[in-house]
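Scroll down for the structure; my scribbles are underneath it.
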């Protein structure tokens, strides 16, 4: 009955590889997000989708490509991994952002720790 | 652009001590404000929130008041426990995309 789930929990890979992280939410939410947490614990927004439509695309290298096959899923594909991509990636979801204020909370997944060697 | 600034950590306290973690924000308009907590090895959980000036959010003995005049949202708890040891994040949210802008996080360690 997990609300927001991510797979895998840990991902260790070599530089130059391509990898994907998956996120699923069973809360019936329409809006989903990807955040990156660096080694100093700083969290920064990367992408957001609302009903499968991209609404936030921060300054992220184009090696990162989000995909939302349906509103319950938001995956993150990373090409040509670099050492600096090592971080914890969090997925989050919330009720539909359209027509609502920013007061609604976001529900976070447990995170995916990516280590690039 | 919008930003959130938290006091530097780590903060180390003895059990039953009083806790304050400072948070200030800059924003256009009136954002909603949040405190999230991250326990070791876990994702973020909402601790409390406030959506307009003078609102007080509270949960599990923690409190924070939305102060427009000082653009602050300081987190307080009267008596901390060892189980409160975690990283605390202050965040603001814009109304059109809902994205969260986080402070840098404050690590709290409570010793018995």
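The values are calculated or read from the model by the stated rules, or taken from the named source; none is laboratory data. Values in this document were obtained by computation on a predicted structure and should not be read as measured data. Heads up, the Cβs are rebuilt from the backbone with ideal geometry, glycines too, and the neighbour counts pull from every protein chain shown.
What residue, among those in the range B:64-73 that are in contact with a strand residue (DSSP E or B) (Cβ under 6 Å, 6 or more places away or on another chain) and either within 10 Å of another protein chain (Cβ to nearest Cβ) or part of a loop (DSSP other than H, G, I, E, B) (or both), is farthest from residue B:110 (Cα to Cα)?
The qualifying residue farthest from residue B:110 (Cα to Cα) is B:71.
Take residue A:57 and tell me if it is within 14 Å of another protein chain (Cβ to nearest Cβ), more than 14 Å from residue A:96 (Cβ to Cβ), without any contact (Cβ under 8 Å) to a residue 24 or more places away in the chain and out of contact with any helix residue (DSSP H, G or I) (no Cβ under 7 Å at 6 or more places or on another chain).
Considered against the rule, which asks whether it is within 14 Å of another protein chain (Cβ to nearest Cβ), more than 14 Å from residue A:96 (Cβ to Cβ), without any contact (Cβ under 8 Å) to a residue 24 or more places away in the chain and out of contact with any helix residue (DSSP H, G or I) (no Cβ under 7 Å at 6 or more places or on another chain), residue A:57 comes out as yes.
Report yes if some residue within the range B:20-37 is without any contact (Cβ under 8 Å) to a residue 24 or more places away in the chain and either within 14 Å of another protein chain (Cβ to nearest Cβ) or closer than 26 Å to residue A:47 by Cα (or both); otherwise report no. Full working, then the answer.
If we filter the range B:20-37 for residues that are without any contact (Cβ under 8 Å) to a residue 24 or more places away in the chain, which is where we start, we get none.
Looking for residues that are without any contact (Cβ under 8 Å) to a residue 24 or more places away in the chain and either within 14 Å of another protein chain (Cβ to nearest Cβ) or closer than 26 Å to residue A:47 by Cα (or both), one finds none in the range B:20-37, hence no.
I need the full set of residues from the range A:24-56 which are assigned to a strand (DSSP E or B) and within 23 Å of residue A:116 (Cα to Cα), in order please. Show your work before the answer.
Step one: of the range A:24-56, the residues assigned to a strand (DSSP E or B) are A:24-25, A:31-37, A:43-50, A:53-56.
A:33, A:34, A:35, A:36, A:37, A:43, A:44, A:45, A:46, A:47, listed by residue number.
Which ones in the range B:39-54 are more than 7 Å from every other protein chain (Cβ to nearest Cβ) and within 11 Å of the chain's Cα centre (by Cα)?
Correct list: B:47, B:48, B:50.
Give A:25, A:14 a once-over and let me know the one that is in contact (Cβ under 8 Å) with a residue 12 or more places away in the chain and in contact with a strand residue (DSSP E or B) (Cβ under 7 Å, 6 or more places away or on another chain).
A:25
Just checking, how many residues over the range A:23-53 are more than 11 Å from chain B (Cβ to nearest Cβ) and more than 22 Å from residue A:5 (Cβ to Cβ)?
Qualifying residue count, the range A:23-53: 2.
In the range B:70-82, is there at least one residue being under 20 Å from residue A:94 (Cα atoms) and surrounded by fewer than 16 Cβ atoms within 10 Å (Cβ to Cβ)?
There is no residue in the range B:70-82 that is under 20 Å from residue A:94 (Cα atoms) and surrounded by fewer than 16 Cβ atoms within 10 Å (Cβ to Cβ).
Is it true that some residue in the range A:7-15 is at the interface with chain B (Cβ under 10 Å from one of its Cβ atoms), crowded, with 16+ Cβ neighbours inside 10 Å and assigned to a strand (DSSP E or B)? Give the steps one after another, and end with the answer.
We begin by selecting, within the range A:7-15, every residue at the interface with chain B (Cβ under 10 Å from one of its Cβ atoms); these are A:9.
After this cut, where a residue has to be crowded, with 16+ Cβ neighbours inside 10 Å as well, the list is none.
There is no residue in the range A:7-15 that is at the interface with chain B (Cβ under 10 Å from one of its Cβ atoms), crowded, with 16+ Cβ neighbours inside 10 Å and assigned to a strand (DSSP E or B).
Looking only at the range B:82-112, how many residues end up being at the interface with chain A (Cβ under 7 Å from one of its Cβ atoms) and in a loop (DSSP other than H, G, I, E, B)?
Residues meeting the conditions: 7.
Output yes when any residue across the range A:70-77 is modelled with pLDDT under 95 and either out of contact with any strand residue (DSSP E or B) (no Cβ under 7 Å at 6 or more places or on another chain) or within 14 Å of chain B (Cβ to nearest Cβ) (or both), and no when none is.
Yes, the conditions are met somewhere in the range A:70-77.
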